[in-house]
1. Would you call Lys419 under 28 Å from Leu327 (Cβ atoms), touching a residue at least 24 places away in the same chain (Cβ under 8 Å) and either within 16 Å of ligand 2 (Cβ to nearest atom) or touching a helix residue (DSSP H, G or I) at 6+ places or on another chain (Cβ under 6 Å) (or both)?
2. When residues of region 110-131 are filtered for being surrounded by fewer than 17 Cβ atoms within 10 Å (Cβ to Cβ) and either touching a residue at least 40 places away in the same chain (Cβ under 8 Å) or acidic (Asp, Glu) (or both), how many remain?
3. For region 381-395, which residues satisfy the criterion of being surrounded by fewer than 23 Cβ atoms within 10 Å (Cβ to Cβ) and out of contact with any Pro (no Cβ under 7 Å at 6 or more places or on another chain)?
4. Take Met208 and decide whether it is surrounded by 18 or more Cβ atoms within 10 Å (Cβ to Cβ) and either in contact with a Lys or Arg (Cβ under 7 Å, 6 or more places away or on another chain) or modelled with pLDDT under 95 (or both).
5. Which of the numbered conditions does Ile377 fail, given that it passes all the others? Conditions: (1) surrounded by fewer than 20 Cβ atoms within 10 Å (Cβ to Cβ); (2) within 16 Å of ligand 1 (Cβ to nearest atom); (3) part of a strand (DSSP E or B).
6. For Gln134, which of the numbered conditions (1) assigned to a loop (DSSP other than H, G, I, E, B); (2) crowded, with 21+ Cβ neighbours inside 10 Å; (3) within 16 Å of ligand 2 (Cβ to nearest atom) fails to hold?
7. Exactly one condition in (1) in contact (Cβ under 8 Å) with a residue 60 or more places away in the chain; (2) part of a strand (DSSP E or B) is false for Val366; which is it?
Amino acid sequence: MLFSQGTVSEQSSDPATGTQANVISYTEELRIPPLAVNTSNEEGIAKFSLIAGEGETEFYPGVFTETIGYNGALLGPTLKVFKGERVEITVENTLSEATTLHWHGMHLPAEFDGGPYQVLEAGGSWFPQFTIDQQAATLWYHPHLMGKTAEQVYQGLAGLVIIEDEISQALPIPKEYGVDDIPLVFQDRRFFRDGTFDYKPLMPDVMMGYFGNTMLVNGSVSPTFPVVKSITRFRVLNGSNSTVMRYSLSDGKVFHQIASDGGFLTAPIPMWQIILSPGERAELLIDFSDGESGSMVVETNGGATYTGVIFDTEQMEPVPNEIPAALVDIPEPDTSAVTGVRQFVMSTGMGGNFTINGNKMDISRVDEHVPVNEYEIWEVVNAGMGMMNIPHSFHIHDGQFRALDVNGRDPDDTMKGWKDTFLLWPGDTIRILVRFEEYTGKYMYHCHLLEHEDSGMMGVFEVVE
Ligand code: C2O
Ligand code: CU
Ligand code: CU
């Protein structure tokens, strides 16, 4: 797959946005989202508090930008939880408008999914609770209010969830959060000259993507990360609204992917670039033992190239680390028990008419009734033409799934693990093996390009007995 397939030639014509950010040289140290404080003293139970509220963020020295965040002005703390643990969260909304809080990638009861049904009014609270019933992975949380997801994520609401399990703790890989296990949330933002990044999409932005002029990593502008261990693990989230990103190292060095959306791969995959669409995650190991500093470069399907993170190896301890040869066992997807096949055709009509199977999202309609605990094949099609070059990112709630094939061919190794979000370039067809276990109720599937989602490219499936 060529990245240039997704390249669009024109950016928004809004003159106020300019392109000056591509030359901004101000850098700072990478912010690391703090770990959320677990206030439970009971074994097997974790309690967290998340408060959505307004604030200001100094992205540039002396310039304060209005933002929103959880427990702070921007983004949110990282929740670290363990497989088998019961998690109870108090979510408070101190914003002046409603929101929701969705657990992206989590297998959980529908009532706690935090999708558009679980509206959290301004001033209100919500108490989701569920038991972690999936393997170690990097998930995330973000708002999911009908028609408002894009704007609320854009202004700063998003955070990570790290699930650990016995395997992740036993593997010989870096695992000290903030030291050699580093989250990297990539989000491009369009700063105006006065330092604001108000969300003002025009029709081309909704269609092609709301591309920024600045790359934020954990809310820092092209920051520096002081490398302390010669092999460092990075949990990369494409947390942008609608920008497909390709990550590589400035010196072209090979790195290894060890996990995708839903957890570890069978073995580290050596690669020199990785493409993530909005919502997708990848865990990478980068070996700095050559002493090279360099940076992580981010190219977008909007045609921009950013210095994502600058690596500073001055303080590095040359620990003799190794990239493990194997990670976890993942069974081959078994289609012998499939009981149903569904098709999801993602189309972009004129004037931003975004549909799945010809329908725009209607919260009062159930689009698909899916039997609980049964295997199904979902065939997802990006019906767009190459001329339009509009990618989609198909995301399914309530857990992790397996790609069976992409355009009739075996998926790339990077797609062979557990996934909840799938990039489709125009014309692509992906077949996925799904199974919704245990819980019944209403969940969503949608395009994770948030402007598309908010324009109706979303549907409801109800898991039924
Ligand atoms: Cu990350 Cu339904 O979303
Ligand atoms: Cu989700
Ligand atoms: Cu889309």
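1. Yes: the conditions hold for Lys419.
2. Count: 4.
3. Matches in region 381-395: Val381, Ala383, Met387.
4. Taking the combined requirement at face value, the residue satisfies it.
5. Only one criterion in (1) surrounded by fewer than 20 Cβ atoms within 10 Å (Cβ to Cβ); (2) within 16 Å of ligand 1 (Cβ to nearest atom); (3) part of a strand (DSSP E or B) is unmet by Ile377, namely (2).
6. Only one criterion in (1) assigned to a loop (DSSP other than H, G, I, E, B); (2) crowded, with 21+ Cβ neighbours inside 10 Å; (3) within 16 Å of ligand 2 (Cβ to nearest atom) is unmet by Gln134, namely (2).
7. (2)
Here's the yes/no breakdown for (1) within 28 Å of Lys360 (Cα to Cα); (2) in contact with a strand residue (DSSP E or B) (Cβ under 9 Å, 6 or more places away or on another chain); (3) at pLDDT 95 or above:
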residue	(1), (2), (3)
Gly114	yes, yes, yes
Gly123	no, yes, yes
Ile132	no, yes, yes
Gly147	yes, no, yes
Gln152	yes, yes, yes
Gln155	yes, yes, yes
Asp165	no, yes, yes
Gly178	no, yes, yes
Gln187	yes, yes, yes
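The values are calculated or read from the model by the stated rules, or taken from the named source; none is laboratory data. Remember, predicted model here, so these are calculated numbers, not experimental data. When we count neighbours, we look across all protein chains shown, and the Cβ atoms used for this are built from the backbone with ideal geometry, even at glycine.
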